[in-house]
Amino acid sequence: MPTPLSKTIEKFPRVRLGHSPTPLDAAPRLGASLGIELWIKRDDCTGLAMGGNKVRQIEFPLGEARSQGADTLLITSAVQSNYVRVAAAAGRKLGMEVHVQLEERVPGVDALYRASGNVLLDRLFGAKLHTFPVGEDEPAADASLDLLAQSLADEGRRPYVIHLAPAHPPLGALGYVIAAEDVLTQARDLDLEFDAVVCPTGSALTHAGLLVGLRALGKEVPVYGVCVRRDAGSQVERVRKVAAELAAMIERPEAFNGDDIQAFDGVLAPGYGRLNDAVREAIAMAARQEGLILDPVYTGKTMAGLIDHVCSGVIAEGSRVLFIHTGGLPALFAYGDRIGNWLSEVPWGQGEDR
Ligand SMILES: *Cc1c(COP(=O)(O)O)cnc(C)c1O
């Protein structure tokens, strides 16, 4: 008998921060308009500082930070990063000083993007903001953060760095192994069997965590990752690396098969953090049919990917589909002008039906 998953995960230090389990909600009107039975895992409701998937993810790095006696937390990501906002809140909650490095990943942004949404919250939490003008270079961003950590250590602080590139153990993915267990328990209680799971895939901690978690728990349901950051080829490699490492960490190497990764980049253009019509329409549909808020960078794209998969038949009509709502709501306000301009141009009824 293998060790139960919960026992294996217990070996990793963890700081509990999130509300759990998050709700599993039916979305009957949006589902009906797409010809599927749609359910939403409400990880936008993880609680801390406006929630989202990063609350599940940060519990493990923070557990390690605490076990090392760290007093200063460092993190690097995009300007409107939800991870940075959650790290700032969580670090403060644990009495730590927080340094964040904001990377210029999105071209042509406006003043609102730099000041509102997550940036406003980072400042509210009293995080020290540093800039990183290079957009797409994760190893360089990590190296720059390590330098900052070194200078803080020289001043007598005890820094802990949350790295971005996959050169470090994917501790955050453990949070999504737990989420997989959470979903299966809720599905069992409701007597539900899902035909497909759809989630965003960026750093791949969510995607890999769900995939390995579901397989380790004996579920073969397809997990469709919708690319929010890089093309499908690179993303599959990213998920493969994270998932293999994660499966080894939880002592379930057999729970991962390298051919079992689905990543779709058909709604990614024009790139990370940038809107397109399919995304805007998905955001409007969820809002107008379910009163559900999606964000422009991640969940809006993911819903657009789900809609695409239903239209193209990858997800068959009548399927029971689970959408993982990973949060990201503060970013909506940072994109407020662009979304607002679009809303003034579209007919009132758009998004209500297809
Ligand atoms: C970070 C983020 C994602 C991407 O998740 P990864 O685990 O990095 O792949 C998706 N949705 C939201 C709202 C996020 O903040």
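Every read-out reported here was derived from the displayed coordinates using simple, explicitly stated rules and does not represent laboratory data. What you see is a predicted model, and the numbers here were worked out from it, not measured in a lab. All Cβ positions, glycine included, derive from the backbone under ideal geometry; neighbour counts span all protein chains shown.
Computed over region 62-106, relative contact order equals 46 percent, with contacts defined as Cα pairs under 8 Å that lie 6+ residues apart.
Shape class for region 164-308: oblate, because the ratio a/c of the largest to smallest gyration tensor axis (alpha-carbon atoms, square roots of eigenvalues) is 1.5 or more and b/c is at least a/b.
Summed over all non-identical Cα pairs, the Kirkwood treatment of region 158-221 gives a radius of 12.9 Å.
Toward the positive end of the charge dipole of the chain, with +1 on the Cβ of Lys and Arg and -1 on the Cβ of Asp and Glu, the farthest Cα among G266, I178, A282 is that of I178.
In units of the compact-protein estimate 2.2 N^0.38 Å, the chain shows a Cα radius of gyration of 0.95.
Each peptide in 255-263, 71-79 was scored by the mean count of other Cβ atoms within 10 Å over its residues; highest first, the order is 71-79, 255-263.
Over region 226-354, the ratio between the Cα radius of gyration and 2.2 N^0.38 Å evaluates to 1.19.
Over all other residues within a Cβ to Cβ distance under 13 Å of T3, the charged ones net out to +1, with Lys and Arg as +1 and Asp and Glu as -1.
A straight line joining the Cα centroids of region 32-63 and region 103-176 runs 22 Å. Can you spot the lysines whose alpha carbon is less than 22 Å from K128's alpha carbon? Ignore those fewer than 8 places along the same chain. Straight-distance partners of K128: K54, K93.
Fewest neighbouring Cβ atoms within 10 Å first, the residues K301, K241 line up as K241, K301.
Within the listed set D277, D295, D142, the Gaussian network model of the chain (springs between alpha-carbon atoms below 10 Å) gives the highest mean-square fluctuation for D277. Mean silhouette area of region 1-102, derived from the convex hull of its C-alpha atoms and averaged over all directions, reads 9.2 nm². In the elastic network of the chain, a GNM with C-alpha springs shorter than 10 Å, the most mobile of L129, L211, L332 is L129. Taking every alpha-carbon pair in region 109-148 and binning the separations at 10 Å intervals from zero gives 25, 42, 33 percent. Since only A78, L148, G18 are under comparison, the one whose Cα sits farthest along the positive direction of the charge dipole of region 1-152, derived from C-beta charges on Lys, Arg, Asp and Glu, is G18. Going from the residue with the fewest nearby Cβ atoms within 10 Å to the one with the most, K54, K7 rank K7, K54. What whole-number distance in Å separates the alpha-carbon centres of region 1-16 and region 279-354? That distance is 36 Å. Rounded, prolate or oblate for region 105-248? Axes are the square roots of the Cα gyration tensor eigenvalues, ordered a ≥ b ≥ c, and the cut-off for rounded is a/c under 1.5. Prolate, since a/c reaches 1.5 and a/b exceeds b/c.
Each principal axis of the Cα atoms in region 250-318 has its own extent, and those three values, largest first, are 43, 31, 22 angstrom. Rg over Rh for region 63-174 works out to 0.95, using Cα positions for both radii and the Kirkwood form for Rh.
Springs join every pair of Cα atoms under 10 Å in this Gaussian network model of the chain, and among A244, A27, A111 the largest mean-square fluctuation is at A111.
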